[in-house]
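Student: Okay, handing you the structure first.
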Amino acid sequence: MSIELVGLAVLMAAVTYPSRAIPLLLPGFERLSPRVLEYLRLVGPAVLAALAASAVLVVRDAAGRPTLAVGIELLAVAAAVAVVRWRRNLLLALLVAVVIVAAARAIGAG
Amino acid sequence: MTDGPPAAGPAADDGSTVRLARRRLAVDGLGIAAIGIGFGLVFGLAAREAGYSLVEAVAMSTIVFAGAAQLAAAGLVAAGAGWPLIVLLTAFLNARHLLYAAALAPWLREQSRPRRAAMAHVLTDEAFALTLVHFRRLGRADPGGYAIAAVAVMFIPWNAATIAGFLAGEAVPDPRVIALDIIFPAAMAGLAVGLVSGRRELVAAVTGALVAVVVGLAIDPSVGIIAGGLAGPFAGLAVPRRDPAVPEPDELPADPATFAAVPGRSDDGMAP
């Protein structure tokens with residue numbers, strides 16, 4: 001059984017771990033100014049919204065170029081957001097999103 | 001990872017509050033675990049088709065533990081790309097974790113350095129999202145909750161699914177067919193809503209989304225996510241307080257340790 005690619009995994013981890021660890025382990029992060037802490041507090045909503053919007057609205061075309069896509073996925077995410085606001089239940093929101101997309105694709109609309 | 005001593009704040013001694021918050025975290029995590037299972041299966045299959053051995057596929061999922069980078073690497077290995085290109089792409093794809101770690105750092109400053117080092121290895125998009133909402137519900141850090149979000153919800157399902165996908169081969173269904181691909185964006189959007197408790201968070205979220213799409217279309221989606229994560233908070237900071245002398249009632253103080261003492265704070269992390 002080959003183990004050659006374990007070396008590649010180690011190299012990939014070597015460039016991934018610092019981005020995950022440096023802010024957590026850097027001593028200076030224990031004495032940040034309130035302004036910086038306020039900025040970091042806003043990173044959460046900003047980056048999660050960025051992840052969601054990018055995943056739904058930006059797809060790659062056949063040539064690999066980023067392309068705007070507005071489809072049933074946008075409606076499903078909007079429905080999930082509405083369910084979270086209404087019921088405060090993420091699991092229910094995800095189920096609603098999956099049902100919408102699965103149903104749309106089943107009838108050829110997604 | 002086990003529970004450490006409470007950081008501070010009146011909520012810290014309330015065991016039932018922690019149990020309730022963890023139960024909520026576990027329920028939220030059920031849906032998100034489907035992401036790990038669905039795409040872990042796909043990675044296992046992709047790794048097999050790219051010529052990985054089972055040991056190599058498992059090494060990727062345990063040592064790297066970064067889905068997008070792993071899937072991209074499998075495609076590049078299959079295409080015969082060189083390791084330097086794959087490592088460079090991995091660094092680029094995973095740079096967004098800097099933002100996650102920076103946002104969690106103020107919450108985790110009371111944790112020991114070895115514990116923070118271990119926590120860093122399992123920090124993913126999903127772990128970050130679940131953990132931040134959980135910490136805000138509690139008003140303090142909770143290493144046990146972090147273990148649920150990062151290990152129980154993502155690390156274990158991702159690794160188990162990698163093995164299953166590798167062994168199952170062509171029997172693995174396409175996630176698009178059963179609409180599993182919608183869970184990730186829906187979960188991120190839903191958890192973002194849980195973090196919006198004032199005008200600043202709302203502006204940060206909307207700006208982050210817009211910048212991510214515009215930059216993603218112009219350059220690359222990975223660059224867009226980082227740009228959105230960086231620009232959104234600046235836009236949020238530009239929103240003036242209603243009265244600069246009085247903090248907004250639903251606003252988290254700059255110091256997370258004092259969060260639990262804020263009057264009017266929603267106790268479940270969701271916007272009132």
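The values are calculated or read from the model by the stated rules, or taken from the named source; none is laboratory data. Not measured: the values here are computed from a predicted model. Glycine also receives a Cβ, built like all others from the backbone with ideal geometry; neighbour counts cover every protein chain displayed.
Okay, residues lined up against (1) part of a helix (DSSP H, G or I); (2) modelled with pLDDT of 95 or more; (3) within 11 Å of another protein chain (Cβ to nearest Cβ); (4) farther than 30 Å from A:Y39 by Cα:
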{"site": "B:A11", "(1), (2), (3), (4)": "yes, no, no, no"}
{"site": "B:G38", "(1), (2), (3), (4)": "yes, no, yes, yes"}
{"site": "B:R48", "(1), (2), (3), (4)": "yes, no, no, yes"}
{"site": "B:A72", "(1), (2), (3), (4)": "yes, no, yes, yes"}
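Student: Provide a single number: the residues in region A:44-69 that are buried (at least 21 other Cβ atoms within 10 Å of the Cβ) and in contact with a strand residue (DSSP E or B) (Cβ under 7 Å, 6 or more places away or on another chain). Step through it out loud before you land on a result.
Tutor: Narrowing region A:44-69 to residues buried (at least 21 other Cβ atoms within 10 Å of the Cβ): A:44-58, A:66.
Next cut, in contact with a strand residue (DSSP E or B) (Cβ under 7 Å, 6 or more places away or on another chain) only: A:57-58, A:66.
Adding up the residues that qualify gives 3.
Student: Any idea which of (1) in contact with a helix residue (DSSP H, G or I) (Cβ under 9 Å, 6 or more places away or on another chain); (2) facing chain B (nearest Cβ under 7 Å) is the one A:A14 doesn't satisfy?
Tutor: Only one criterion is unmet by A:A14, namely (2).
Student: Let me ask something else about it. In region B:101-133, how many are aromatic (F, W, Y) and either at pLDDT below 95 or over 10 Å from the mean Cα position of the chain (by Cα) (or both)? Steps first, answer last, please.
Tutor: Of region B:101-133, the ones aromatic (F, W, Y) are B:107, B:128.
If we keep only those that are either at pLDDT below 95 or over 10 Å from the mean Cα position of the chain (by Cα) (or both) too, we end up with B:107.
Counting residues in region B:101-133 that are aromatic (F, W, Y) and either at pLDDT below 95 or over 10 Å from the mean Cα position of the chain (by Cα) (or both) gives 1.
Student: Quick one: in region A:38-77, of everything that is of a type outside the set (A, V, I, L, M, F, W, C) and within 7 Å of another protein chain (Cβ to nearest Cβ), which residue is nearest to A:A109 (Cα to Cα)?
Tutor: Narrowing region A:38-77 to residues of a type outside the set (A, V, I, L, M, F, W, C): A:38-39, A:41, A:44-45, A:54, A:60-61, A:64-67, A:71, A:73.
Keeping just the survivors that are within 7 Å of another protein chain (Cβ to nearest Cβ) gives A:38-39, A:41, A:44-45, A:54, A:66, A:73.
Working: A:E38: 43, A:Y39: 41, A:R41: 39, A:G44: 33, A:P45: 31, A:S54: 21, A:P66: 22, A:E73: 11 Å.
Looking at the filtered set, the residue picked out is A:E73.
Student: Among the residues of region B:167-212, what is the count of those that are assigned to a helix (DSSP H, G or I), β-branched (V, I, T) and surrounded by 21 or more Cβ atoms within 10 Å (Cβ to Cβ)?
Tutor: Pass one, region B:167-212, residues assigned to a helix (DSSP H, G or I): B:167-171, B:180-195, B:199-212.
Narrowing the set further to residues that are β-branched (V, I, T) leaves B:182-183, B:193, B:203, B:206-207, B:211.
Narrowing the set further to residues that are surrounded by 21 or more Cβ atoms within 10 Å (Cβ to Cβ) leaves B:182-183, B:193, B:203, B:207, B:211.
Number of matching residues: 6.
Student: Next question, about the same structure. Go over the candidates B:A129, B:A147, B:A160 one by one and state the one that is assigned to a helix (DSSP H, G or I) and buried (at least 24 other Cβ atoms within 10 Å of the Cβ).
Tutor: Values: B:A147 fails: buried (at least 24 other Cβ atoms within 10 Å of the Cβ); B:A160 fails: buried (at least 24 other Cβ atoms within 10 Å of the Cβ).
Result of the check over B:A129, B:A147, B:A160: B:A129.
Student: Determine, yes or no, whether B:E110 is among the acidic types (D, E), more than 7 Å from every other protein chain (Cβ to nearest Cβ) and part of a helix (DSSP H, G or I).
Tutor: no
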